[in-house]
1. Is there any pair with a first residue in the stretch 65-90 that is within 12 Å of Y12 (Cα to Cα) and surrounded by fewer than 21 Cβ atoms within 10 Å (Cβ to Cβ) and a second that is modelled with pLDDT under 95 and hydroxyl-bearing (S, T, Y) whose Cβ atoms are under 7 Å apart and which are 6 or more apart or on different chains, and what are they?
2. Identify, from the list T16, T23, the residue that is under 13 Å from the mean Cα position of the chain (by Cα), in a helix (DSSP H, G or I) and more than 21 Å from S110 (Cα to Cα).
3. What's the number of the condition A35 fails, among (1) assigned to a helix (DSSP H, G or I); (2) over 25 Å from G111 (Cβ atoms); (3) touching a helix residue (DSSP H, G or I) at 6+ places or on another chain (Cβ under 9 Å)?
4. Could you tell me which residue of the stretch 91-115 is farthest from the chain's Cα centre (by Cα), considering only residues that are open to solvent by 70 Å² or more (accessible area, probe 1.4 Å) and of a type in the set (D, E, K, R)?
5. Is the stretch 47-55 home to any residue that is in a helix (DSSP H, G or I) and over 29 Å from Y138 (Cα atoms)?
6. Step by step: first the residues of the stretch 33-59, then only those that are hydrophobic (A, V, I, L, M, F, W, C) and surrounded by 20 or more Cβ atoms within 10 Å (Cβ to Cβ), then the one that is farthest from L130 (Cα to Cα). Which residue is that?
Amino acid sequence: MAVLAVPPQYGYVLITLILSILTIHIFMPLTVGKARKKYGVGYPNLYAESSNKNANAFNCIQRGHQNSLEGYAMFLSLLLSSGLKYPVAASVFGLIWIAGRILYFQGYSSGDPKARLRGNWGHIGELGLLILVGMTAYSLLTSPPSIAEKIGIHAN
């Protein structure tokens with residue numbers, strides 16, 4: 001049986017995880033909820049109908065959140081797996097992604113869809129995490145077996 005060793009600095013990864021949850025699952029939905037009331041868009045409608053005079057304003061806010069949700073599963077898998085080998089770097093790249101998402105959301109929420117582009121630099125964090133996962137995979141696949149494994153001793 002293989003044992004997964006989690007470095008003590010993995011706590012930084014978990015703090016980054018908490019910050020991402022606060023951003024994607026608390027801050028953004030609260031903003032969308034306020035916009036629903038302000039612009040009169042009820043549930044279960046995901047977006048405002050084109051007949052709503054405030055459709056663009058609401059839909060930009062909703063789309064900013066929806067887009068963040070669409071990439072969140074990938075972000076989580078990259079953050080949590082790369083953090084096993086590179087916890088500090090993973091946290092830094094994760095924070096870059098979060099900051100980019102906040103600016104993306106705020107820009108989109110302005111009602112001008114092009115303003116979302118001010119948060120695109122957050123993809124640097126995503127790319128950094130992807131590179132770290134690749135480095136982690138390479139390290140795992142190329143690491144020499146331990147002495148115990150060479151002589152046939154397996155931990156249970």
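1. So the pair list comes out as L84/T136.
2. On the way: T23 fails: more than 21 Å from S110 (Cα to Cα).
Being under 13 Å from the mean Cα position of the chain (by Cα), in a helix (DSSP H, G or I) and more than 21 Å from S110 (Cα to Cα) holds for just one of T16, T23, which is T16.
3. Only one criterion is unmet by A35, namely (2).
4. D112
5. Within the stretch 47-55, one or more residues are in a helix (DSSP H, G or I) and over 29 Å from Y138 (Cα atoms).
6. As a first pass, look at the stretch 33-59 and keep what is hydrophobic (A, V, I, L, M, F, W, C): 35, 41, 46, 48, 55, 57-58.
Retained after the next criterion (residues that are surrounded by 20 or more Cβ atoms within 10 Å (Cβ to Cβ)): 35, 41, 48, 58.
Details: A35: 34, V41: 37, A48: 35, F58: 33 Å.
Ranking the candidates gives V41 first.
The values are calculated or read from the model by the stated rules, or taken from the named source; none is laboratory data. Just so you know, these numbers come straight off a predicted model, no measurement behind them. Note that we place each Cβ from the backbone using ideal geometry, even for glycine, and neighbour counts take in every protein chain shown. The protein model used for the area step is the full one, side chains on, heavy atoms only, and it has no ligands, DNA or RNA in it. Shrake-Rupley method; radii C 1.70, N 1.55, O 1.52, S 1.80 Å.
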